[in-house]
Amino acid sequence: MSDAVFEKLAALTPDRRSFLKALGGGLTFLLTFEADAQESGANGHHGRGHSLPENISAWLHIGEDNTITVFTGKVEVGQNARTALTQAVSEELRTPPQAIRLVMGDTDRTPFDMGTFGSRTTPTMAPQLRRAAVAARETLLDLAARRWKVGASSLEAANGCVRNPATGKTISFGELTKGQSFVQSIGPVKVDKPLSRSLAKVDGRDFVTGKHRFTADLKRPGMLYGGILRPPAFHATVSSLDTSTAEKLPGVHVVHDGDFIGVTAPNSLAVTRALAAIKATWKTEPQPSNKNLFEYLKANPDGDAASEVVRSSVIAVDGNRPQLWTTYHISYIAHVPLEPRAAVAEWNGSKLTVWTGTQRPFGVRSELAEAFHLPEESVRVLVPDTGSAYGGKHTGECAVEAATLAKAVGRPIKLVWTREEEFTWAYFRPAGVIEIRSAVGKDGRITAWEFHNYNSGASGITMPYDVPNQEIVYHPSRSPLRQGSYRGLASTANNFARESHMDDLARAAGLDPLAFRLKNLTNQRLRAVLTAAAERFGWGRAKVGANRGAGLACGTEKGGYVATCAEISVDPDTRNVKVERVVTAFECGAIVNPDQLKNQVEGAGLMGLGGALFEAIQFANGRILNPKLSEYRVPRFSDLPALETILLNRRDLDSSGAGETPIMAIAPAIGNAIYDALQIRVRALPMAPHIVRG
């Protein structure tokens, strides 16, 4: 079943006044669903009509000093895309990676790109840059052949030079191009498979030493600092406003447009004081809370359900056939990026330039152009390498706010959201209700599968096991909170429910969880990771011990295949759960960079540990009740288990992305281990609140 049937794209393209009302006044954006992926703000109409340029110079330039500059609309948000794309060009162009400089996410200099999301950089952008590099290499060989009056096939490229093996002559790429742009088209070329070699993170030392400048570190001549007066609740509107005290403060300027209230000042401390001096009263309205969230989601549909039926949607009632009916609840969780939203905006006449951390620079350019009624060519968006996103930085609200303040005062403005603003005014991973009804035959084979997801999404909803009768339905709901993309989208929720249910089915059939899965699974790639993880873990060889449990889970999404085994311990008095050991096997085709892939797999698993055990947004009447890291529990160093990662390298297959799929197996593996230890089945994320005493 394609995601296109289920997932919808968020269309966040209001004009400036409606946008300012939306964020300044707390009007919630409920991300609607359309098209082929549950990616926030990835409104398809901004991508239509943009074809990839075929001329080499759009992607690659070789300077006379032999520096290779590569252009891509993808951005670096901690996933090491800069390293992977550098490696792709280096391998095809036959030049050291140190000679390559990537220009990323600059809407004036790079080809259009829909955005950095959906694990698409490796399977789409890397091959495109490989093609450009191959075409450039072939052009360089032709240039050298003409200079030396030999056949191009007798020459070779290596170490940034063209070499004639017969004579030993060499000439650098820069000497051949003399810094001129390539005029050739890419055309049909043959690219190599990745060499599967580890390359250290490009510019890694700059991040460790603090040399790298994030958006919040940037300074512009004459720059001021900005801040926004946030309402106390979503959907609140201003009843009365007194800014007189704030306007008397030195250097402070108040910007008021409807429910949007912002200030500018010479420094961030002055901004804080000015916001505190504003007296505003707000009109709020009753809204749902997390206590009645799941009833609300089922009772408030938003559009038609989308479904897939395989052979039959009817589960036959047979007293001799074990059946299970179960319901799972998924809480909203926050992205908690290391770097909160930030933007620096600067106007030069009618030309607007914004530096901001976003996954969609061209999408944010469109939002700014629409908000200020500008042609897109009058807006430039630049994305400095950004301190994480996890699907949470698709939209340009901070950029629009900064540009609004900058336009009002005629000076560049830096706006950096606080951690509480990030927790409150960004969007969340969708909450959801999942209902499963299934049946298994006497031979241990699943005979029927009925799966309903309310609100959280359809990514990863397809049943990977062999079931003759299936009905799978995604039901969009009206969300009480702003929601959107999150690492792995809804695959974390759908796989948690499915793999928890699979363990219960195995028990009903009287089979070991691993044996039951393998009996119902013919997908060879999924079987391979499942058996690899189980063998390394030592599944079934010995009981893990008192107050301990072991669990496993697997899944596939976006061309990746993952299986995780987890061992947990439980404090017998408090029932606090500690994940002791995690073994994960992962396969995503041909491996590009083994070390970086291992980082992705381990990072995804540790991030998923938070959503599995602790993380949940608490809210009531339009207010986020835990908008601080002191109140919102994320994984800590003390929570980290021993990690073992197995990478299966399928060099016979194209490479797929690896940033999302590894997250989808950790929660059900932990949940199944909890059942093994306590004989308690927790059917809700996060799980810890449902088992901890006191």
Legend entry - Search result, residues across the range 145-157 that are within 21 Å of SER185 (Cβ to Cβ) and surrounded by 13 or more Cβ atoms within 10 Å (Cβ to Cβ): ALA145, ALA152, ALA157
Inset, instruction - Give the residues of the range 98-109 that are touching a residue at least 40 places away in the same chain (Cβ under 8 Å), over 16 Å from ASN593 (Cβ atoms) and outside any helix (DSSP H, G or I), sorted by residue number. - result: MET104, GLY105, ASP106, THR107, ASP108
Inset, instruction - For the range 430-463, name all the residues that are open to solvent by 10 Å² or more (accessible area, probe 1.4 Å) and part of a strand (DSSP E or B). - result: GLU435, ARG437, THR447, GLU450, HIS452, TYR454
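Does ALA389 qualify as being aliphatic (A, V, I, L, M) and part of a loop (DSSP other than H, G, I, E, B)?
Spelling it out, ALA389 is indeed aliphatic (A, V, I, L, M) and part of a loop (DSSP other than H, G, I, E, B).
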Inset, instruction - Please tell me if ASP142 is open to solvent by 40 Å² or more (accessible area, probe 1.4 Å), more than 24 Å from ASP654 (Cβ to Cβ), touching a helix residue (DSSP H, G or I) at 6+ places or on another chain (Cβ under 6 Å) and among the acidic types (Asp, Glu). - result: yes
Legend entry - Selection count, the range 43-66, where residues are modelled with pLDDT of 95 or more, surrounded by 15 or more Cβ atoms within 10 Å (Cβ to Cβ) and more than 14 Å from SER181 (Cβ to Cβ): 1
Legend entry - Where a residue in the range 82-97 is closer than 21 Å to VAL162 by Cβ and its partner, wherever it lies, is at pLDDT 95 or above and hydroxyl-bearing (Ser, Thr, Tyr), with Cβ under 7 Å and at least six apart: PRO96/SER90; PRO97/THR86; PRO97/SER90
Legend entry - Answer from ASP259, ASP242 - the residue that is in contact (Cβ under 8 Å) with a residue 24 or more places away in the chain and surrounded by 15 or more Cβ atoms within 10 Å (Cβ to Cβ): ASP259
Inset, instruction - Answer yes if at least one residue in the range 626-638 is assigned to a helix (DSSP H, G or I) and within 22 Å of ALA431 (Cβ to Cβ), and no otherwise. - result: no
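Name the residue, out of ALA669, ALA620, ALA642, that is more than 18 Å from TYR390 (Cα to Cα) and touching a Gly at 6+ places or on another chain (Cβ under 6 Å).
Values: ALA620 fails: touching a Gly at 6+ places or on another chain (Cβ under 6 Å); ALA642 fails: touching a Gly at 6+ places or on another chain (Cβ under 6 Å).
Result of the check over ALA669, ALA620, ALA642: ALA669.
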Legend entry - Leading residue by the ranking (nearest to ILE333 (Cα to Cα)) among those in the range 493-514 that are out of contact with any Leu (no Cβ under 8 Å at 6 or more places or on another chain) and open to solvent by 10 Å² or more (accessible area, probe 1.4 Å): ARG507
Legend entry - Complete set of residues in the range 54-66 that are touching a strand residue (DSSP E or B) at 6+ places or on another chain (Cβ under 6 Å) and under 20 Å from CYS161 (Cα atoms): TRP59, LEU60, HIS61, ILE62, ASN66
Legend entry - ILE278, sole failed condition from (1) open to solvent by less than 60 Å² (accessible area, probe 1.4 Å); (2) in contact with an Asp or Glu (Cβ under 9 Å, 6 or more places away or on another chain); (3) closer than 30 Å to ALA458 by Cα: (3)
Legend entry - Checklist (1) within 30 Å of ASN626 (Cβ to Cβ); (2) open to solvent by 40 Å² or more (accessible area, probe 1.4 Å) applied to PRO250, failing item: (1)
Legend entry - Criterion: in contact with a Ser or Thr (Cβ under 7 Å, 6 or more places away or on another chain) and of a type outside the set (A, V, I, L, M) - qualifying residue of THR264, THR281, THR245, THR272: THR281
Legend entry - Residue count, the range 295-338 (criterion: among the β-branched types (Val, Ile, Thr), open to solvent by 50 Å² or more (accessible area, probe 1.4 Å) and modelled with pLDDT of 95 or more): 1
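Residue-by-condition table, conditions (1) farther than 15 Å from ALA334 by Cβ; (2) touching a strand residue (DSSP E or B) at 6+ places or on another chain (Cβ under 7 Å); (3) surrounded by 21 or more Cβ atoms within 10 Å (Cβ to Cβ):
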residue	(1), (2), (3)
VAL381	yes, yes, yes
THR386	yes, no, yes
LYS393	no, no, yes
GLU397	yes, no, yes
VAL400	yes, no, yes
LEU405	yes, yes, yes
ARG411	yes, yes, no
LEU415	yes, yes, yes
ARG419	no, no, no
Legend entry - Residues within the range 71-94 that are open to solvent by less than 10 Å² (accessible area, probe 1.4 Å), farther than 24 Å from LYS598 by Cα and assigned to a loop (DSSP other than H, G, I, E, B), tallied: 1
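The values are calculated or read from the model by the stated rules, or taken from the named source; none is laboratory data. If you're wondering where the values come from, they're calculated on a predicted model, not measured in any experiment. Quick reminder, even Gly has a Cβ in these numbers, built from the backbone with ideal geometry, and neighbours come from all protein chains shown. Keep in mind that these areas ignore ligands, DNA and RNA; they rest on the heavy atoms of the full protein, side chains included. Shrake-Rupley method; radii C 1.70, N 1.55, O 1.52, S 1.80 Å.
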